[in-house]
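The values are calculated or read from the model by the stated rules, or taken from the named source; none is laboratory data. Quick caveat: nothing in here was measured; it's all calculated off a predicted structure. Cβ coordinates were reconstructed from backbone atoms using ideal geometry, including for glycine residues, and neighbour counts include every protein chain displayed. In case anyone asks, the SASA skips ligands and DNA or RNA and just uses the protein heavy atoms, side chains included. Shrake-Rupley method; radii C 1.70, N 1.55, O 1.52, S 1.80 Å.
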Amino acid sequence: MRSLSLIRHAKSDWSSGAASDHERPLNERGRRDAPEMGRRLRDRGIAFDLMISSDACRALETSEAIRAELGEAAGSLAIEPRLYLVGPIGMLETIEAQAAEIRHLALVGHNPGMTELAQALGALLPNLPTCGIVTFDFSDLKDWSDIRQTRAQTIAVDLPKVKWKD
């Protein structure tokens, strides 16, 4: 079985004075939510083999905060500039390129692409809010390159404003 977690970056600071959208950092709420979501993942026993993050400042800060809470369960981190504001097809291309030995993959990126991919995989979400995480299991997926031909099962939706319940 393979699992995929889609993580939207935490809340960013529009008033930061950043030179560009790409350089916008997290705001206070984002710096609070990202570690909290990492703790929730850790408490649920989630472990990633690989986390791939957009190279935008807010996505990298989110990735680092979650990884700090997960410790060794965070797996490796790859930075993928193509995840910056890419749509679901671009995200699928990134997923399809991953090695077969990756069992649980996490992508950290942006809307609207994150929500659109989550919906395409079957999540019943009108919107994946900032720092929201949706996880899918693929029971029949032998290789990531076949993800478009495999049925996904939504196994968890965790949102910062909603406390996770088993």
> Which condition number does CYS131 fail, the rest of (1) part of a helix (DSSP H, G or I); (2) buried (at least 19 other Cβ atoms within 10 Å of the Cβ); (3) in contact with a helix residue (DSSP H, G or I) (Cβ under 6 Å, 6 or more places away or on another chain) being met?
Replying inline: (1)
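Listed here are the residues, each with its yes/no results for (1) assigned to a helix (DSSP H, G or I); (2) in contact with a strand residue (DSSP E or B) (Cβ under 7 Å, 6 or more places away or on another chain); (3) farther than 29 Å from THR150 by Cα; (4) not polar (S, T, N, Q).
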| site | (1), (2), (3), (4) |
| --- | --- |
| SER16 | no, no, yes, no |
| ALA19 | no, no, yes, yes |
| ALA99 | no, no, no, yes |
| ASN111 | no, yes, no, no |
> Of SER53, SER76, SER16, SER63, which residue is over 12 Å from the mean Cα position of the chain (by Cα), at negative phi, modelled with pLDDT of 95 or more and of a type in the set (Ser, Thr, Tyr)?
Replying inline: SER76
> Does LEU26 fit the bill of being under 14 Å from the mean Cα position of the chain (by Cα), at pLDDT 95 or above and not small (Gly, Ala, Ser)?
Replying inline: no
>> Against the conditions (1) more than 20 Å from ALA156 (Cβ to Cβ); (2) modelled with pLDDT under 95, where does ARG32 fall short? Just the number, please.
In response: (2)
> When residues of the range 37-59 are filtered for being in a helix (DSSP H, G or I) and either free of Cβ contacts under 8 Å to residues at least 24 places away in the same chain or open to solvent by 50 Å² or more (accessible area, probe 1.4 Å) (or both), how many remain?
Replying inline: 3
>> I'd like to check something: does the range 101-123 contain any residue that is in contact with a Phe, Trp or Tyr (Cβ under 7 Å, 6 or more places away or on another chain), modelled with pLDDT of 95 or more, among the small types (Gly, Ala, Ser) and more than 29 Å from ASP21 (Cβ to Cβ)?
In response: no
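Please go through the range 63-77 and give me each residue that is closer than 14 Å to ILE7 by Cα and either charged (D, E, K, R) or surrounded by fewer than 18 Cβ atoms within 10 Å (Cβ to Cβ) (or both), ordered by number.
GLU64, ARG67, LEU77
Can you work out which of the residues in the range 1-26 that are polar (S, T, N, Q) and touching a helix residue (DSSP H, G or I) at 6+ places or on another chain (Cβ under 9 Å) is surrounded by the fewest Cβ atoms within 10 Å (Cβ to Cβ)?
SER16
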>> closer than 23 Å to ARG58 by Cα, open to solvent by 10 Å² or more (accessible area, probe 1.4 Å) and assigned to a strand (DSSP E or B): which single residue out of VAL157, VAL162 fits that description?
In response: VAL157
